[in-house]
Amino acid sequence: MRKFIGFDIGGTHIKHGLITEEGEELSSDEYDTHYDPDAFKNAWREAVERYQKNDDIAGIGVSFPGYINPGTGHVPKAGALTFLDGCNLLELFGELTSLPVTVENDANCAALGEMWRGAGQRYDSFICMTIGTGIGGGLILNRELMRGAHFRAGEFGVIPVGDNGENMHQIASARGLMEASRRALSLPSDAPLHGKEVFERMGGDVHLREVVERWVGYLARGVYSVVSLYDPQVVLIGGGISQQKDLYPMLERSLEKYNFWDALRVPIQPCQLGNQAGRLGAVWLAKQKQ
């Protein structure tokens, strides 16, 4: 059975794992993201070499932030990794290993991972919307990944959902919810606060409840827009906030305010794979390439 290395490169951590061609992760680890180009490359190469010491590796799949042309490897914008803006990822990683390398946008990889081994297995067409610092997205239509003419399909975060045109990144992300919740709770802007705590506390705090309901309303506008455009079988929500069970009935109530939701309605469910989805999706692509 062939084995692959899957990388999920983020702005804070780089997660990686040894994954079989059947999608079973045999081991995983992570390290801090380096913003010095040489340190970034050295850490990546060392991780690959550690896997190669004990296993015969067939290829490497890399989940990476930003707009990526997976055919050429060109990445005009590399998300938080601005020092890699404009570089060619296939050339960069190709210089560090003799193994075949596949690269793809991280949200697309998460959608592919869910299609392969997660909540998307039962569906031919679905939307994967990841709620984190921003809003990421992947589109699977008829079991195919939709990338778009400029490799920007699924940029749900730029959809305007606020009363004054604010986009989803600004006010429908987990960051947007935390910022509004801190203001409602009179907390400093840098005070630690997590989604679980917000949903637990809103039951006893009417002002916090209003904040959460307003945030869910913004999220619902984005979901409604995407569903009306792509007519999926299901919407899968990812990110840490997706584990809050109260989110889904609140989201449904907000969507029911729209006249055509009865006609457009599809189930909205949490993703299953958590932060494993990206590297699984990257490996799925690496396997298909071979």
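The values are calculated or read from the model by the stated rules, or taken from the named source; none is laboratory data. Being a predicted model, the structure only gives us computed values, none of them experimental. In this analysis, Cβ positions are derived from the backbone assuming ideal geometry, glycine residues included, and neighbour counts consider all displayed protein chains. Keep in mind that these areas ignore ligands, DNA and RNA; they rest on the heavy atoms of the full protein, side chains included. Shrake-Rupley method; radii C 1.70, N 1.55, O 1.52, S 1.80 Å.
Give the residues of region 193-208 that are open to solvent by 20 Å² or more (accessible area, probe 1.4 Å), assigned to a helix (DSSP H, G or I) and within 12 Å of residue 241 (Cα to Cα), sorted by residue number.
Matches in region 193-208: 196, 197.
How many residues are closer than 16 Å to residue 90 by Cβ and buried (at least 18 other Cβ atoms within 10 Å of the Cβ) if we restrict to region 35-62?
7
For residues that are assigned to a loop (DSSP other than H, G, I, E, B) and open to solvent by less than 40 Å² (accessible area, probe 1.4 Å), scanning just region 79-104, find the one that is farthest from residue 34 (Cα to Cα).
So, considering only residues that are assigned to a loop (DSSP other than H, G, I, E, B) and open to solvent by less than 40 Å² (accessible area, probe 1.4 Å), the one farthest from residue 34 (Cα to Cα) is 99.
Only one of (1) free of Cβ contacts under 8 Å to residues at least 12 places away in the same chain; (2) closer than 12 Å to residue 5 by Cβ is not met by residue 55, so which one is it?
(1)
Is it fair to say residue 159 is in contact with a Leu (Cβ under 8 Å, 6 or more places away or on another chain), of a type in the set (Val, Ile, Thr), farther than 16 Å from residue 75 by Cβ and at pLDDT 95 or above?
no
Scan region 30-45 and give yes if some residue there is over 18 Å from the mean Cα position of the chain (by Cα) and closer than 11 Å to residue 6 by Cα, otherwise no.
No, every residue in region 30-45 fails to be over 18 Å from the mean Cα position of the chain (by Cα) and closer than 11 Å to residue 6 by Cα.
For residue 41, state whether it is within 29 Å of residue 134 (Cα to Cα) and among the charged types (D, E, K, R).
When the stated conditions are applied, residue 41 passes them.
Does residue 212 satisfy being farther than 21 Å from residue 139 by Cβ, buried (at least 17 other Cβ atoms within 10 Å of the Cβ) and not basic (Lys, Arg)?
yes
It is to be established whether one or more residues within region 24-46 are out of contact with any strand residue (DSSP E or B) (no Cβ under 7 Å at 6 or more places or on another chain) and on the phi > 0 side of the Ramachandran plot.
no
Mind telling me which of the residues 66, 61 ends up being more than 14 Å from residue 7 (Cβ to Cβ) and touching a Lys or Arg at 6+ places or on another chain (Cβ under 9 Å)?
66
Checking residue 22 against (1) farther than 29 Å from residue 148 by Cβ; (2) open to solvent by 70 Å² or more (accessible area, probe 1.4 Å); (3) in contact (Cβ under 8 Å) with a residue 24 or more places away in the chain, which test does it fail?
Only one criterion is unmet by residue 22, namely (3).
Provide a single number: the residues in region 246-290 that are open to solvent by 80 Å² or more (accessible area, probe 1.4 Å) and over 17 Å from residue 220 (Cβ atoms).
Counting residues in region 246-290 that are open to solvent by 80 Å² or more (accessible area, probe 1.4 Å) and over 17 Å from residue 220 (Cβ atoms) gives 5.
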